[in-house]
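Down below is the structure, laid out as structure tokens.
Bear in mind that the values in this text are calculations on the coordinates, not laboratory data. What you are looking at is a predicted structure, and each value in this text was computed from that prediction instead of being measured. Cβ placement follows ideal geometry from the backbone for every residue including glycine, while neighbour counts extend to all protein chains displayed.
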Amino acid sequence: SETDARQRFDYVFAGKITGLENGIQLELMLKNASDDITRRISKIYQSVNLILLDSRVLVSDIFDKSVNLSVTYNLETSVPKEDVEAAEVKNIDILSGSWHGEEGLERVELMRGGRGIALLSSGITILLQVRVHEGFLTVNQSGKPPPRQFINLPDEIAKKAAEAGKTPSWKFLVSADNKILIGEKIDIEIVYHGDNLVSVNEVIKKVRWIKN
């Protein structure tokens with residue numbers, strides 16, 4: 001029973017998927033046993049692929065009490081946002097060219113054969129590895145990050161952050177015309193106090209790249 005579950009677990013987490021005329025509705029519910037607060041997310045998608053791509057962000061948001069779900073997911077209505085219909089990526093080479101659209105990135109050049117270069121807004125250039133995995137385009141930074149990649153941090157913290165070795169990565173689906181990449185980025189968040197590096201965290205962000 002629900003009472004038994006509340007006695008044994010800190011949270012009760014459930015979900016439901018419903019096919020509608022205007023898309024696929026995903027509903028998530030999280031109930032906190034300690035304070036009896038229930039958080040809900042309801043969102044309409046145009047494809048199962050978009051649900052898979054969005055899943056980690058949804059779970060993170062529903063557990064993060066600082067996220068106002070009624071604002072972020074507009075629970076007052078069930079009208080879907082004007083999402084670009086996204087499909088699985090079949091071929092890397094067809095996506096070669098120059099891309100833009102993400103904050104902090106001036107330009108991304110995807111090349112044939114699974115290579116790429118990103119020019120950061122700070123002026124730093126990083127090398128990228130690009131491949132198709134299970135229908136998604138995955139983009140990873142090659143090698144360890146140099147300290148200058150953390151140009152917004154104090155020098156000593158930037159050096160320690162680089163030594164931690166964590167780098168950003170991206171995962172995309174593609175629009176039907178191959179001109180928009182829709183997905184998520186696992187970014188690196190540095191927490192420090194004075195000259196002490198407190199933690200190097202991974203943060204999930206929704207991103208879009210648009211072909212020039």
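A few notes on this one:
- Around the Cα centre of the chain, unit charges on the Cβ atoms of Lys, Arg, Asp and Glu (plus for the first two, minus for the last two) sum to a dipole of about 520 debye.
- Inter-centroid distance (Cα atoms) of segment 28-49 relative to segment 129-198, Å: 28 Å
- Cut-off 11 Å, label 7 Å out along Cα→Cβ of ASN212, residues of segment 132-148 by amide N: none
- In loop segments of segment 101-183 as defined by DSSP, there are no chymotrypsin sites (Phe, Trp or Tyr not before Pro) with at most 14 further C-beta atoms inside 10 Å of their C-beta.
- Segment 80-160: trypsin sites (Lys or Arg not before Pro) in DSSP loop, at most 13 other beta carbons within 10 Å: LYS81, LYS90, ARG112
- Full-extension gain in nm, SER47 to ASN140, via 0.36 nm per residue minus C-alpha separation: 31.0 nm
- Candidate lysines - alpha carbon under 24 Å from LYS185, same-chain residues fewer than 8 apart omitted: LYS43, LYS65, LYS81, LYS90, LYS144, LYS159, LYS160, LYS166, LYS171, LYS205, LYS206, LYS211
- Computed lengthening from ASP155 to LYS65, 0.36 nm per intervening residue step minus Cα-Cα distance: 29.1 nm
- Sequence-separation-based contact order of the chain, relative, with Cα cut under 8 Å and 6+ spacing, percent: 14 percent
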